[in-house]
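A.B. asks: Before anything else, here's the structure in question.
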Amino acid sequence: MQKLSILVVCCVIMLSSCEKCKVNPDLISDLLAPSTNIILGEPVDWDYVVRSVRDNSGECKILDAAASVGLILVDYFVTPSDTPSDTITNKTDNIGKLCAGEEETVSSSIVFDNQGVYLLATTADKNNVVEERNENNNSDNIEEVKGLRPDIFKDPSPAFAAKLEKSSAIVLVGSKYKSAANIKSYNGKPVYYVAD
């Protein structure tokens, strides 16, 4: 009887501790495809999503993510050997409070009006105001895909290589990159070609 009582008490303690278990949210960003074809000199609406990840937290409740700030950044290089880049867009957006599994879509208008390489990057919780389970996955900088990759960029500068690594997508503008017109991705990052 005493063993049964101890077992019941242990089960009650475990169940009540699971109900009170809470874990921090986790915010990620995801750059979507542009809403229309990219045309030289014309604005294109380009959306990104900030999402509060729902994971297998068991019985634990994922806390709501407080309001935060998202970022879309577009760097322009005339050639990959240039250093530094010109910042074309550096737009922050207020993101509302998100429950686990919720997301907010943000739209930006971007104009690609010069020949060269544009590197787009997005970040969730840019100002690190939300305490998260994983603070290292806020940027949409797709990991390298194993295997062969197209040789688009010859002799890149260290500044270009660093921005390329952190980018979410690549836009190549001009006849110089016409040979890359059929390339759809580079290291897992989508590639868009725009004729001049």
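The values are calculated or read from the model by the stated rules, or taken from the named source; none is laboratory data. Nothing here was measured: the structure is a model prediction, and the numbers come from that model. All Cβ positions, even for glycine, are placed from backbone atoms using ideal geometry, and neighbour counts span all protein chains on display. Only protein heavy atoms, including side chains, enter the accessible area calculation; ligands, DNA and RNA are left aside. Shrake-Rupley method; radii C 1.70, N 1.55, O 1.52, S 1.80 Å.
A.B. asks: Please find, among Ala121, Ala162, the residue that is without any contact (Cβ under 8 Å) to a residue 12 or more places away in the chain and surrounded by 13 or more Cβ atoms within 10 Å (Cβ to Cβ).
C.D. replies: That would be Ala162, the only listed residue that is without any contact (Cβ under 8 Å) to a residue 12 or more places away in the chain and surrounded by 13 or more Cβ atoms within 10 Å (Cβ to Cβ).
A.B. asks: Can we say Ile183 is aliphatic (A, V, I, L, M), more than 20 Å from the chain's Cα centre (by Cα) and part of a loop (DSSP other than H, G, I, E, B)? Full working, then the answer.
C.D. replies: On the way: aliphatic (A, V, I, L, M): yes; more than 20 Å from the chain's Cα centre (by Cα): yes; part of a loop (DSSP other than H, G, I, E, B): yes.
Considered against the rule, which asks whether it is aliphatic (A, V, I, L, M), more than 20 Å from the chain's Cα centre (by Cα) and part of a loop (DSSP other than H, G, I, E, B), Ile183 comes out as yes.
A.B. asks: Next up: Limited to segment 54-93, what total is found for residues that are farther than 13 Å from Val130 by Cα and within 16 Å of the chain's Cα centre (by Cα)?
C.D. replies: Summing the residues that are farther than 13 Å from Val130 by Cα and within 16 Å of the chain's Cα centre (by Cα) in segment 54-93 gives 10.
A.B. asks: On to the next question. How many residues does segment 156-196 hold that are in contact with an Asp or Glu (Cβ under 8 Å, 6 or more places away or on another chain) and at pLDDT below 90?
C.D. replies: 2
A.B. asks: Sticking with this structure for a sec: If you check Phe77 against the conditions, is it touching a helix residue (DSSP H, G or I) at 6+ places or on another chain (Cβ under 6 Å) and closer than 30 Å to Ala195 by Cα?
C.D. replies: Criteria met by Phe77.
A.B. asks: OK, next. Looking at the structure I just gave you, is Ile152 farther than 17 Å from Val50 by Cβ, touching a helix residue (DSSP H, G or I) at 6+ places or on another chain (Cβ under 6 Å) and surrounded by 12 or more Cβ atoms within 10 Å (Cβ to Cβ)? So that I can check it myself, show each step before the final result.
C.D. replies: Details: farther than 17 Å from Val50 by Cβ: yes; touching a helix residue (DSSP H, G or I) at 6+ places or on another chain (Cβ under 6 Å): yes; surrounded by 12 or more Cβ atoms within 10 Å (Cβ to Cβ): yes.
Against the criterion (farther than 17 Å from Val50 by Cβ, touching a helix residue (DSSP H, G or I) at 6+ places or on another chain (Cβ under 6 Å) and surrounded by 12 or more Cβ atoms within 10 Å (Cβ to Cβ)), Ile152 qualifies.
A.B. asks: Out of (1) open to solvent by less than 70 Å² (accessible area, probe 1.4 Å); (2) under 14 Å from the mean Cα position of the chain (by Cα); (3) in contact (Cβ under 8 Å) with a residue 60 or more places away in the chain, what's the single condition that is false for Gly188?
C.D. replies: Against the list (1) open to solvent by less than 70 Å² (accessible area, probe 1.4 Å); (2) under 14 Å from the mean Cα position of the chain (by Cα); (3) in contact (Cβ under 8 Å) with a residue 60 or more places away in the chain, Gly188 comes up short only on (3).
A.B. asks: Given the conditions (1) within 13 Å of the chain's Cα centre (by Cα); (2) at negative phi, which single one is not true for Asp125?
C.D. replies: Asp125 satisfies every listed condition except (2).
A.B. asks: Quick one: which of Ser168, Ser109, Ser175 is surrounded by 14 or more Cβ atoms within 10 Å (Cβ to Cβ) and either more than 30 Å from Pro25 (Cα to Cα) or small (Gly, Ala, Ser) (or both)?
C.D. replies: Ser168
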